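Derivation of every value follows stated rules applied to the coordinates shown; laboratory data play no part. Everything quoted here is computed from the prediction, not taken from an experiment. FYI the Cβ positions are ideal-geometry reconstructions off the backbone, even for glycines, and counts take in every protein chain you see.
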């Protein structure tokens, strides 16, 4: 899961734009720091049904559980609920003449995507997230690491 050296357990990650540019791959930097969008239907996570947790690829913050993921047909991984109230920051986004709600990572303020009011129950929300800013750890992988750590 560790795509960048920024992954940590601290409550907030703050870096300059130049630091982010040096640390992040160009595609991740474009979406996370420049509020870009990956092309639809290109994410490795769009159709994934594996059980586990999705993390911010920039800082490692836990964002979504796989049991909140659903097939929306929008071209990006979609979730109906974040993992916690503090994992996501909500901002008004009026770019391109649209009224939307942008979502950022609650730890490093990286752009993730947008949230819309057309999702399934129980929330009715659709978090439309750029897959390039997501990391995934399967539940099986997490259990194996936990077991190895606690063998001692």
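Structure values in brief
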| quantity | calculated |
| --- | --- |
| Residue exposure sequence - 126, 107 - by fewest surrounding Cβ within 10 Å | 126, 107 |
| Gained length - residue 71 relative to residue 147, 0.36 nm times residue gap less alpha-carbon distance | 24.1 nm |
| Where only alpha carbons of the chain are counted, the Rg and the Dmax (Å) | 15.4, 58 |
| Which of 51, 88 has the fewest Cβ neighbours within 10 Å, and the rest in rising order | 51, 88 |
| Spin-label model distance (nm) - residue 116 vs residue 89, 7 Å beyond Cα toward Cβ | 2.5 nm |
| Spin-label zone in region 65-104 - amide nitrogen under 12 Å from a point set 7 Å from the Cα of residue 51 along the C-beta vector | 66-67 |
